[in-house]
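Engineer: Handing you a structure now.
The values are calculated or read from the model by the stated rules, or taken from the named source; none is laboratory data. Everything numeric here is computed off the predicted structure, so don't read it as measured data. Here the Cβ positions follow ideal geometry from the backbone for every residue, glycine too, while neighbour counts run over all protein chains shown.
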């Protein structure tokens, strides 16, 4: 009787926002190439959604920190 394949492990969470963005950019390029098999395409889409959620959460955390520093008011960025 053949052994069942172990369940796939979830990819690790990126260490930084920048690492997540780099992985997301590489993933989008692979998806857009049209050369991925259907199962890989679905897994890539799911990973991309997870990376996007990670990036959004990091950006929201930074926004919250800026609000605290600016007296709970988020002001537009001004270059001086």
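Engineer: Residue check: is residue 30 at pLDDT below 95, in a helix (DSSP H, G or I) and in contact with a helix residue (DSSP H, G or I) (Cβ under 8 Å, 6 or more places away or on another chain)?
Structural biologist: On the way: at pLDDT below 95: yes; in a helix (DSSP H, G or I): yes; in contact with a helix residue (DSSP H, G or I) (Cβ under 8 Å, 6 or more places away or on another chain): yes.
Taking the combined requirement at face value, the residue satisfies it.
This table checks each residue for (1) surrounded by 11 or more Cβ atoms within 10 Å (Cβ to Cβ); (2) part of a helix (DSSP H, G or I); (3) at pLDDT 95 or above.
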{"position": "4", "(1), (2), (3)": "no, no, no"}
{"position": "9", "(1), (2), (3)": "no, no, no"}
{"position": "14", "(1), (2), (3)": "yes, no, no"}
{"position": "20", "(1), (2), (3)": "yes, yes, yes"}
{"position": "35", "(1), (2), (3)": "no, no, no"}
{"position": "42", "(1), (2), (3)": "yes, yes, no"}
{"position": "55", "(1), (2), (3)": "yes, yes, yes"}
{"position": "59", "(1), (2), (3)": "yes, yes, no"}
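Engineer: Considering only the range 51-76, how many residues are touching a helix residue (DSSP H, G or I) at 6+ places or on another chain (Cβ under 9 Å) and closer than 15 Å to residue 16 by Cα? Show your work before the answer.
Structural biologist: Of all residues in the range 51-76, those touching a helix residue (DSSP H, G or I) at 6+ places or on another chain (Cβ under 9 Å) come to 51-52, 54-55, 58-59, 62, 73-75.
Keeping just the survivors that are closer than 15 Å to residue 16 by Cα gives 51-52, 54-55, 58-59, 62.
Number of matching residues: 7.
Engineer: Quick one: in the range 64-79, which of the residues that are loosely packed, with under 11 Cβ neighbours inside 10 Å and not in a loop (DSSP other than H, G, I, E, B) is modelled with the highest pLDDT?
Structural biologist: Looking only at the range 64-79, we keep the residues that are loosely packed, with under 11 Cβ neighbours inside 10 Å, and these are 65, 68-79.
Filter again for not in a loop (DSSP other than H, G, I, E, B), leaving 65, 68-69.
Values: 65: 83, 68: 75, 69: 75.
My answer is 65.
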